[in-house]
1. With the crude spin-label approximation of a point 7 Å out along Cα→Cβ, what separation in nm comes out for THR192 versus ALA220?
2. What is the extension gain from LEU402 to ARG259, computed as 0.36 nm multiplied by their sequence separation minus the C-alpha to C-alpha distance, in nm to one decimal?
3. Quantify how much of the Cα-Cα distance distribution of segment 131-217 extends past 17 Å, in percent.
4. Spelling out what I want: for every residue of segment 160-169, take phi, set θ = phi - 60°, compute 6.51 cos²θ - 1.76 cosθ + 1.60 (Karplus), and round to whole Hz; glycine and proline get x.
5. For THR72 paired with VAL130, estimate the spin-label separation in nm (one decimal), with each label point 7 Å from Cα along the Cα-to-Cβ line.
6. With only alpha-carbon atoms counted, please give the Rg and Dmax of segment 280-345, in Å.
7. Using a cut-off of under 18 Å, list every residue of segment 323-343 whose amide N is near the label point 7 Å from the Cα of ALA39 along the Cα-to-beta-carbon line.
8. May I ask you to evaluate 6.51 cos²θ - 1.76 cosθ + 1.60, the Karplus curve with θ = phi - 60°, for each residue of segment 374-387 and list the ³J(HN,Hα) values in order in whole Hz, giving x for glycine and proline?
Amino acid sequence: MPSPSGPAQPGRAPACPPAPDRDADRRAPARRGYRAVFAVPEFRCVFAAHLLSSLGVVVCEIALSVLVFRLTGSPLLSALTFALGLLPYVLGGTLLSAVADWFPARRVLVLCDTLCALAAAAMVLPGVPVAVLLALRCVIAAIAPVFAGTRAGTLGEILGEGDPFVLGRSLIRIVNQGAQLAGFAAGGLLLTVVPPGAVLGVTAGTFACSALLLRLGTAARPARGAGRRGAPSSGGGGRVTGGRARGALLGASLAGTRRLLADRRIRALLLLGWVPPAVVVVPEALLVPYGDLLGAGTAGQGLLMCGMPIGAVVAETLAGSFLGPRARARLTFPMGVFAVLPSLGFAARPPLGWAVLLLVLTGTSISYNFGVDRWFAAAVPDELLGQAMTLMQAGRMTVMGLAMGLAGVAADHAPLPVVMPAAGVVGGVCVLAVIAEVRRTRARPGTGPRRAARARTAP
């Protein structure tokens, strides 16, 4: 990876990158924060492409849900379109995770966007059975963790290590949260004037534009893990093909996952990336029944759904713009614990206004990810960074999906003002246990090239 002293120059990454500089944060240039990240032309293309594809995913979920409901009249099948956006993550994130490091990043990103565009375009075809529509939704969801992990890995090559990488990841999260707000609004407006099939056509267009931006706006770099045994070379010969290639890819994905999970430090940081979101998503999963409990109506439920994304975007933007790297890292543990606290307020059955405030406060806890990203990238070997980021994303989405399901089951057997704060109590205990484990696995000099370089900033 490039040195943290500046962004990578376009072209192929050097074979022997300079050693990381642990004092780079103190010698950073005057231009800091998001402005420095946006100054890199290649990142601007990645950002724009992610904005398009994120909007496409949100609009696709809405349009497909409406289309399935109109075809079947089944609320269950309509809701299943959202669930299928989470469940296949575990498959793509484990069985295909080595793709992020085996193949050149630009090729993987463009191919992922192209496959998603084709899947969305196939949904538009007349007479497509509902089962095929849901299967195509699964395809897009299975590709998502591979795309996210590959993009996260290549951010280090585009921006450099340390704070630029962390801020780049922050901007990706801001896009994710903002896309929820803009995507639901845009999708709702489009569906009032055009049929769901036409909206799905727009989705296919956003994926295609994203692929074009990544192809034309990012540099071709060799695969990070091309030198690993069994991986296809980045040159012209010695490639494995057919069944052997699929078997080697599957074996490498599982072997890499085992290698990552065998490291106690990486396991602890993975849990730190997974547990708080699993707790946060419980009140979010129950917003519709809670709004009904309050008699808030459609407009009130819309306000409730906007609470967390608004809090997340505001907190992430403020922290990235006005706090330095060390200050943001020091927020990690407090904000990880704070993530579970607002849900305790639902024990008092707050009215609409106070409920929205609790959700906004919950959303601000997303700022704990600054430290998680920094420590995780420092702990993972360079050649496994893309696979590690794929595993992080896949695990997070899977755990969130399971938490949503458990929340729904619990809400069928207990009142909402009991279920929501109970999740906060259980989550608080789990988060504290994970934080204790992260502290026990604190990186020390001599434990690896990345960890030694970052030992001073590790928690």
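Taken together, the values in this text are just the output of simple stated rules run on the coordinates, not laboratory data. Note that the structure is predicted; figures quoted are calculated from it, not measured. Note that we place each Cβ from the backbone using ideal geometry, even for glycine, and neighbour counts take in every protein chain shown.
1. Modelled inter-label distance: 4.8 nm.
2. Length gained, LEU402 through ARG259: 49.0 nm.
3. 64
4. x, 6, x, 5, x, 4, 4, 5, x, 4
5. With each label point 7 Å from Cα toward Cβ, the separation is 0.4 nm.
6. Cα only, segment 280-345: 14.8, 45 Å (Rg, Dmax).
7. 323-325
8. Result, ordered by residue: 5, 5, 5, 4, 6, 7, 8, x, 3, 6, 10, 4, x, 5 Hz.
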